[in-house]
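Just below is one structure, and these are the notes that go with it.
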Amino acid sequence: MVGEFVIIMIGATMLAISFTSRIHAVIRALSIQGLLLFVLVLDDAHAFDTINLVFLIIETLVVKAVVIPLFLQRIIVRNHIYREIEPYIPNFYSLLVASIILGGGFLLEHLSRGVTSGTKPLALGVSLAVIVTALFLIISRKKLITHVLGFLAMENGVFMLTMAVAREHTFAVNVGLLLDVFLAVFLLGLFMNRIASSYEEMSVDELSDLKD
Amino acid sequence: MVIPVLFFLPLTLAVLSFLMRRPALDRYLVLLHAMGHLAGVAWMALEPCSWAGYFETDPPAVLVLALLAIVYLAVAVKRFLDERGMHHDGHEAWHSLQTTALMIFIGAMTAAALTNHAAMLWVFVEGTTLASAPLIYSSRTKTALEATWKYIFICSIGIALAFIGIILLMMGMEPGASLHFRDLEANAGKIDPFWLKFAFPFILVGFGTKAGFAPVHAWLPDAHSEAPSGISALLSATLLNTALLAVLRFGNILDAAGYGVFVRDALVVTGFLSLFVAAVYMLRVENYKRMLAYSSIENMGIMAIGFGLGGAGAVAAVLHMVAHSLVKGAFFLTAGDILHAWKRRDIAGAGGVLATWPRTGWVWLTAFVAISGLPPFAAFFSEIMLMSALLEAGYPVLLALFLLLLTVIIWGMGRGVLAVAMGPARPDLAGHRSSAIWPQVLLLGLAIAIVVAMPQPVETFFRDVAAILGVNGGQR
């Protein structure tokens, strides 16, 4: 019951992310997603052995909810990124698209109920909706920082998806996932500092020197 | 014992290079690594081995690694010769970081080719992205920054999609089932078909992003044109093969479960889409390194079609992989020589190579002949075989489309290649020390020798690889 509530809350944070025009609000929403994922892990705690559980708690509570948001804040302050998000389309339409995608996620839950054995259809539907919404947010925003934020939201969706599958591979899978998030964010942050010194505004419109 | 050596040799040398920070030493370290790598791969080719339960040699891995080792050695030798007497004052740390990243990049590709485990494969393909990002940023210019950003970002999204694919695959499996490819194929029938089919598009798009398939190829021309040419050669001739191998290993699982037709259709459509995109951009490209990058997209498309068709088509695809890696390696190295002297990436600004440096000009033209599929080069035979496979499979319309797209590509590319080769000599550059050409000549020679004098064991080996990787259940 708690699990399902949390899953729907995570879906709701994506709606919030799609509607806000402030970068800080997105970072806060990502941090909240980290906390919600932590609750999701706790709800399923009996399914993991101690090592896996400790690892998952560190991954959600420490890395996703605290470390990465702080790191992003630092990048923003250091590079004087304006607070507005600068979408290509009005926020209202973003919200509309995100809602439709989330609705599609629930539809998928409904359809896959008969097919899945042992997996949670709701987690599957919502996590795929989170992933697709994140991809949509990436392509509909100009600023590079919002692309990174979208990527992180997508990784949160992938994390939810991994929670829905066989327990035996949890550790290996999550080590890979953490590696992915950590190194990608670290590298992207590093290069973002460089981009800030070469380009005036940090938006994709400026990354257009290379084309045919 | 060979496999751990192949992993720990680059790690040791990378740490050494990073600590010493002496560019003069780096030349030797890279050469040493390249020679050690080739020796190790040769050993593995003769004696199959496995290590730690997660790595083992099979014919496809040996093929990809052999191409990697040969191209890497050519790049290392070329670098060794060209960097003689070069000074890196003030850039020692950056140079060492580049060497370190290069060795880890090679190590990650080796591990990705050798692993027999689905999750490990994902981890190492991810590793290749992270290790090669600093290599693309090598020149530290604004445009290199743009290319690197796009590379990391697009490939990170791609690899995340591949991850989703693997998770979806696991959803269809019995709890606790092994993720080793051997077991996955053996128990393919027990995997829920819904999840199996749901997973494959994610895997195709995910690993396909790294393999340079259209329409998820956007990073490729940027990265190939901005990276130093030795790195472009490695990206094109080895990284794309490794990613393609990943796609095909997963395709084999569906094939074993009886959904070969599904994989075949997906690969053939992807292949033609790549050919189409390459043809369109080939007509308007103005930068010769980007032109070579679009040619890589084209050739990956040809391989996708071949492996998708299976049977004779897969044999053609294996031969084409060999042909493309050898020739594209030589092509990029030569492009690097031209860029080094002319300092221009645009076709219009780099004319007169043949008149200024006849030897480099001839290598440039020969590489074009080789990549266009003219005899006696290997690509000629592989493309003829693929065409007959298309006809045999009952797709005369696709054959016509294939010929049309190939003609457009060769025409577009020929225009660019000739514009670079021809034109008045540049006397101001004639005094410029011409770079070493024999690594490229050897690669091109190998692309002829491999078909003209193919030893029986090599032919058997190619057929083995094709039988494993090709979509066998896709035949009508």
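The values are calculated or read from the model by the stated rules, or taken from the named source; none is laboratory data. Note that the coordinates shown come from a computational prediction; the quantities given were computed from them, not determined experimentally. Note: ideal-geometry Cβ built from the backbone for every residue, glycine included; neighbour counts use all protein chains shown.
Annotations
- Filter result for B:LEU339 (part of a helix (DSSP H, G or I) and either under 16 Å from B:TYR288 (Cα atoms) or modelled with pLDDT under 90 (or both)): yes
- Those residues of region B:46-56 which are of a type in the set (A, V, I, L, M, F, W, C) and buried (at least 19 other Cβ atoms within 10 Å of the Cβ), in sequence order: B:PHE55
- Candidate set: region B:417-476, residues that are at pLDDT 90 or above and acidic (Asp, Glu); chosen: the one nearest to B:GLY260 (Cα to Cα): B:ASP464
- Of the criteria (1) free of Cβ contacts under 8 Å to residues at least 12 places away in the same chain; (2) crowded, with 24+ Cβ neighbours inside 10 Å, which one B:ILE302 fails: (1)
- For region B:14-35, the candidate set comprises residues that are surrounded by fewer than 21 Cβ atoms within 10 Å (Cβ to Cβ) and farther than 15 Å from B:HIS91 by Cβ; within that set, the residue that is farthest from the chain's Cα centre (by Cα) is B:LEU19.
- Any hit, region B:288-304, residues being within 14 Å of chain A (Cβ to nearest Cβ), in contact with a Gly (Cβ under 6 Å, 6 or more places away or on another chain) and in a loop (DSSP other than H, G, I, E, B): no
- For region B:81-131, the set of residues classified as under 20 Å from B:PRO10 (Cα atoms) and not in a helix (DSSP H, G or I) consists of B:THR115 only.
- Selection within region B:164-198 - of a type in the set (A, V, I, L, M) and either touching a Pro at 6+ places or on another chain (Cβ under 7 Å) or more than 9 Å from chain A (Cβ to nearest Cβ) (or both): B:LEU169, B:LEU184, B:ALA186, B:ALA188, B:ILE191, B:LEU196
- Region B:138-156 residues that are within 21 Å of A:THR146 (Cβ to Cβ) and more than 7 Å from every other protein chain (Cβ to nearest Cβ), paired with ones that are buried (at least 21 other Cβ atoms within 10 Å of the Cβ) and among the hydroxyl-bearing types (Ser, Thr, Tyr) (beta carbon under 7 Å, 6 or more apart): B:ILE154/B:THR209; B:CYS155/B:THR129; B:CYS155/B:THR209
- Within region A:193-203, tally of residues that are more than 8 Å from chain B (Cβ to nearest Cβ), in a helix (DSSP H, G or I) and modelled with pLDDT of 75 or more: 2
- If the condition is being farther than 29 Å from A:PHE136 by Cβ and either of a type in the set (S, T, N, Q) or modelled with pLDDT under 90 (or both), then region B:143-189 contributes B:MET173, B:GLU174, B:PRO175, B:GLY176, B:ALA177, B:SER178, B:LEU179, B:ASN187.
- Looking across region A:3-28, the residues that are farther than 17 Å from A:ARG141 by Cα and either within 12 Å of the chain's Cα centre (by Cα) or modelled with pLDDT under 90 (or both) come down to A:GLY3, A:GLU4, A:ILE10, A:GLY11, A:THR13, A:ARG28.
- Failed item, numbered, when B:PRO201 is tested on (1) within 14 Å of chain A (Cβ to nearest Cβ); (2) crowded, with 24+ Cβ neighbours inside 10 Å; (3) not hydroxyl-bearing (Ser, Thr, Tyr): (2)
- Test: residue in region A:61-72 that is surrounded by 19 or more Cβ atoms within 10 Å (Cβ to Cβ) and either closer than 19 Å to A:ILE7 by Cα or among the basic types (Lys, Arg) (or both): yes
- First in region B:221-232 and without any contact (Cβ under 8 Å) to a residue 40 or more places away in the chain and more than 7 Å from chain A (Cβ to nearest Cβ), second anywhere and of a type in the set (Ser, Thr, Tyr) and surrounded by 24 or more Cβ atoms within 10 Å (Cβ to Cβ), Cβ under 9 Å, 6 or more apart: none
- Test: B:THR334 is of a type in the set (S, T, N, Q), touching a residue at least 40 places away in the same chain (Cβ under 8 Å) and farther than 14 Å from B:ALA367 by Cα: no
- Candidates B:ALA348, B:ALA379 - the one that is buried (at least 23 other Cβ atoms within 10 Å of the Cβ) and within 20 Å of B:LEU292 (Cα to Cα): B:ALA379
- Qualifying residue in region A:100-118 (condition: under 15 Å from the mean Cα position of the chain (by Cα) and within 12 Å of chain B (Cβ to nearest Cβ)): no
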